[in-house]
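What follows is calculated from the coordinates using simple rules that are stated; it is not laboratory data. All of these numbers come straight from a predicted model, not from anything done at the bench. Every residue, glycine among them, receives a Cβ derived from its backbone with ideal geometry; neighbour counts consider all protein chains shown.
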Ligand SMILES: [Zn+2]
């Protein structure tokens with residue numbers, strides 16, 4: 001499906017290409033090599049059910065929520081923002097997740113792991129250049145092992161927390177998710193990945209010691225992939241914090257930052273919001 005001819009035609013006839021691409025998306029076709037624009041795609045690598053109070057402190061009931069991953073196709077490289085659940089969670093989440101498994105009911109089938117998701121889009125996992133991990137929790141790093149050539153981009157304080165026994169314990173990290181020998185780029189605060197302002201990490205500490213969100217500059221404006229700095233739209237509207245937070249004051253500051261970015265025109269993509277997720281075009285459709 002990936003065709004040199006198409007690329008050539010693109011140079012001559014942008015409109016033709018756009019129409020073809022829309023047709024392809026509608027028919028479930030694949031992502032083609034980037035020719036200039038920044039393309040953002042969303043997909044899930046699993047769903048889970050948990051107590052709603054895990055997302056909105058003191059709330060009652062259950063919530064079934066997506067585990068999102070994003071592919072960013074930039075002319076200078078292919079990037080994943082988070083990698084979802086470990087494939088072992090498809091058949092034996094209790095063994096894989098250990099003590100925290102009792103808090104989550106995992107809905108995750110074969111073919112939904114990040115490797116398969118990429119292959120479905122015509123992308124080899126080995127061709128992913130960067131994985132930007134929002135943080136080290138199991139539902140954000142579980143697929144890191146499936147993208148072996150990627151360089152991990154993570155906040156220095158998150159990476160360091162992931163190597164300190166007391167913080168590993170306090171944050172329920174599992175070194176098997178992330179201590180895999182990848183090259184690791186530890187960044188501090190806002191980091192402009194390619195120096196062109198299009199892919200910029202946004203420090204949103206609090207959920208964990210070094211949580212980060214990601215700003216992606218699309219032709220239509222800025223998108224902020226908030227990850228777990230803000231689980232739900234309601235979290236931001238009400239400044240409603242989850243039950244378990246590493247640092248509540250910092251998390252509140254991070255949510256206020258997201259509000260300011262939103263007020264300045266950015267679109268916030270919430271970390272685990274099932275209602276919001278219904279409106280997000282799923283790959284192979286592009287987010288525009
Ligand atoms: Zn999460």
(request) Using only C-alpha positions, report the orientation-averaged shadow area of the convex hull of the chain, nm², one decimal. (result) 14.5 nm²
(message) Please check: in the Gaussian network model of the chain (C-alpha springs, under 10 Å), which one of 164, 251, 54 has the largest mean-square fluctuation.
(response) 164
(request) Multiply the residue gap between residue 282 and residue 180 by 0.36 nm, knock off their C-alpha separation, and tell me the result in nm, one decimal place. (result) 33.8 nm
(request) Calculate for the chain the 222 nm mean residue ellipticity that helices alone would give, adding -39,500 (n - 2.57) per DSSP H run of length 4 or more and normalising by residue count, nearest 500 deg cm²/dmol. (result) -7000 deg cm²/dmol
(request) Could you check which residue among 38, 202, 79 shows the biggest mean-square fluctuation in a GNM of the chain with a 10 Å Cα cutoff? (result) 38
(message) Testing the spin-label approximation: label points 7 Å from Cα along Cα→Cβ at residue 244 and residue 62. State their distance in nm.
(response) 1.8 nm
(message) Can you compute the modelled spin-label distance between residue 217 and residue 253, with each label point 7 Å from Cα toward Cβ, in nm?
(response) 2.6 nm
(message) I'd like to compare 272-284, 81-93, 111-123, 223-235: which one has the highest average count of other Cβ atoms within 10 Å, and what's the full order after that?
(response) 223-235, 81-93, 111-123, 272-284
(request) With springs connecting C-alpha atoms under 10 Å apart, model the chain as a Gaussian network and identify which of 211, 137, 182 has the largest mean-square fluctuation. (result) 182
(request) With a Förster radius of 22 Å, plug the Cβ-Cβ distance of residue 124 and residue 37 into 1/(1 + (r/R0)^6) and report the FRET value to the nearest 0.05. (result) 0.55
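Using 0.36 nm per residue, how much length does the chain from residue 92 to residue 260 gain when fully extended, once their Cα-Cα distance is taken away? Don't jump to the answer; show the numbers that get you there.
Details: separation 168, 0.36 × 168 = 60.48 nm, distance 4.14 nm.
Gain in length upon complete extension: 56.3 nm.
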